[in-house]
Amino acid sequence: MSPTESIKKLCDTSLEKLFSDKKWEKIKEKKLRKGTTDPLFSERDGRMAFIIHSVTIRSGIILENLYLEAVKSTCTNLDVWSEKKFKISGHAMNQAQDQDNEEVMDGDLPYGQAVKIGNKKKTRQIDLFTYDRVNKILNSYEIKRAGGHHDSEKKEKIIENLIAVQLLLKSYGEKEKKIEVKRRNSFIIAHMNEDLFPSEYSSLQISGKDVDNHFNAAVSKKINEGYGYFVKEFRRRFAIIKSISI
C-alpha cells in the first residue's frame, strides 16, 4: 500500500525545500557575507553536507506526523491529538530533577503555569497524546529518531522532561481536556531502537520495533509506508546532487 496523499504531500514539501536551488543560493550568499564559507569543501560537497545535516531534522518531523496519523487511523478506541506548547511549571521542573528518588514520578501537580527561563516560558512540544476512553488512561509521547548515541547529560535532560510532563498530565487532562484521568504515563518512542535510558528508567521508552504491541494495533505498517516513501524520494534527489560535477 502507498502512503496517504496528505503524507506524500508532507514528504514532498519537506524535500522540495531541502533540495531547493533557490534556498541553497541564499545559504551560500549568507555564508559569503559572514565569511563562514568552509574552504575544505567544494560547492557540491558543501551542499551535500548541508543536506545530510538537515535531513535528519526533517525526517524527525516527518516521523512525528507519521506516528500521529498512524495511531489516529488504527486505534479507534483512543482519542488522539498533539500539543505544540505544553506548559511546564517550575515546581514540575524542580521535582523532575530529583532522579535519584524512586518516588519522583509519583503524585500529580497542577497544570497551567509555565515557568519563565530568561524571557521565554518553558513549554514542551508533545508529539502525540492518546486517551483511552474506556479505561480513562492518558498517555503522552515524544517521538525521536533515536539512531545515535546520547551522552549522559542529554539522557538526564530527556528523562527530566518526561517526568515533568507526567507530573502534570492528570491535571492537564482534567482542566484542559475535561476528561477523567485514572492513570497517566509519559513516554518517548525511539523509532530506530537505540536504548536512550539506564535500566531504572527503561519503562519510559518504547522502541520502534515494539509500537504494535504497545498500541495493540498495526501502526508500524502505516508508519513504514510513509517513511519508506520519504527515504526513497530523498535518495533519488540526493543522487542527482551527488552526480553534479563542480
Q. What shape does the range 1-127 have by the C-alpha gyration tensor, where a ≥ b ≥ c are the square roots of the eigenvalues, rounded means a/c under 1.5, and otherwise prolate means a/b greater than b/c and oblate the rest?
A. oblate
Q.
For a test of the definition: using alpha carbon positions, the gyration tensor, and the 1.5 limit on a/c, classify the range 41-104 as rounded, prolate or oblate.
A. oblate
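Quick check for me: using +1 on Lys/Arg Cβ and -1 on Asp/Glu Cβ, what's the dipole size of the range 13-131 about its Cα centre, in debye to the nearest 20? Spell out each step's value before the answer.
On the way: 21 positive and 18 negative charges, 242 e Å.
In debye, rounded to 20, the range 13-131 gives about 1160.
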**Q.** Calculated from backbone phi, Karplus (6.51, -1.76, 1.60) coupling profile of the range 181-191 in Hz, x at Gly/Pro
**A.** 10, 8, 9, 9, 8, 10, 10, 10, 9, 9, 4
Q. Roughly speaking, what is the centre-to-centre gap between the range 35-91 and the range 117-174 when only Cα atoms are used, to the nearest Å?
A. 16 Å
Q.
Considering only protein heavy atoms and a probe of 1.4 Å, how much of the accessible area of the range 1-98 is carbon and sulfur, as a whole percent?
A. 54 percent
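Given a Förster distance of 30 Å, report the FRET efficiency between T76 and T56 from their Cβ-Cβ distance, rounded to the nearest 0.05.
Numbers: r = 33 Å, r/R0 = 1.09.
According to the calculation, E is roughly 0.35.
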Q.
If I fit a long axis through the Cα atoms of helix 219-243 and take the longest principal axis of the Cα atoms of the chain, what angle between them do I get, 0 to 90°, rounded to 10?
A. 20 degrees
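Only loop residues by DSSP count here, and only those with at most 13 other Cβ atoms within 10 Å; note down the chymotrypsin sites (Phe, Trp or Tyr not before Pro) in the range 1-87 that meet that. Walk me through the numbers before you get to the answer.
Values: sites: F19, W24, F41, F50, Y67, W81, F86; in loops: F19, F41.
Sparse-neighbourhood loop chymotrypsin sites (Phe, Trp or Tyr not before Pro): F41.
Heavy atoms only, probe 1.4 Å: what % of the accessible area of the range 162-246 goes to carbon and sulfur, would you let me know? Write out the running numbers ahead of the final one.
Values: 2150 of 4490 Å².
Solvent-exposed carbon and sulfur of the range 162-246 make up 48 percent of the total.
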**Q.** Average accessible surface area per residue within the range 1-141, 1.4 Å rolling probe, Å²
**A.** 60 Å²
(Q) With the cut-off at 1.5 for a/c, could you classify the range 59-193 from its C-alpha gyration tensor as rounded, prolate or oblate? (A) oblate
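What dipole magnitude, in Debye to the nearest 20, does the chain give about its Cα centre under +1 on Lys/Arg Cβ and -1 on Asp/Glu Cβ? Intermediate results must be reported in sequence, preceding the final value.
Numbers: 45 positive and 36 negative charges, 295 e Å.
So the magnitude is around 1420 debye.
Count the DSSP beta bridges whose two residues both fall in the chain, then state the antiparallel fraction as a percent rounded to the nearest 5. Please list the in-between numbers first.
On the way: 14 of 25 bridges.
Roughly 55 percent of the DSSP beta bridges within the chain come out antiparallel.
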Q | 0 to 90° range, to nearest 10: angle between helix 21-34 axis and the chain longest Cα axis | A | 90 degrees
Q: Name the long-range amide H neighbours of S207: under 5 Å, sequence gap of 5 or more, or other chain; modelled H, no Pro or chain starts.
A: A190
Q.
Tell me the mean residue ellipticity at 222 nm calculated for the chain from its helices only (DSSP H runs of n ≥ 4, each -39500 (n - 2.57), averaged over every residue, nearest 500).
A. -16500 deg cm²/dmol
(Q) I'd like the Karplus ³J(HN,Hα) series for the range 6-11: coefficients 6.51, -1.76, 1.60, θ = phi - 60°, whole numbers in Hz, and an x wherever there's a Gly or Pro. (A) 5, 6, 4, 4, 4, 5
(Q) Which residue fluctuates most in the GNM of the chain (Cα springs below 10 Å): L162, L109, L40? (A) L40
Q: Write down the percent of antiparallel bridges among all DSSP beta bridges whose residues are both part of the range 105-246, to the nearest 5.
A: 40 percent
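The values are calculated or read from the model by the stated rules, or taken from the named source; none is laboratory data. Bear in mind that the values here come from a model prediction, so they are computed numbers and not experimental data. Methodologically, a virtual Cβ is constructed for each residue, glycine included, from the backbone with ideal geometry; neighbour enumeration extends over all protein chains shown. When the accessible area is computed, the model is the full protein with side chains, heavy atoms only, and any ligands, DNA or RNA have been set aside. Shrake-Rupley method; radii C 1.70, N 1.55, O 1.52, S 1.80 Å.
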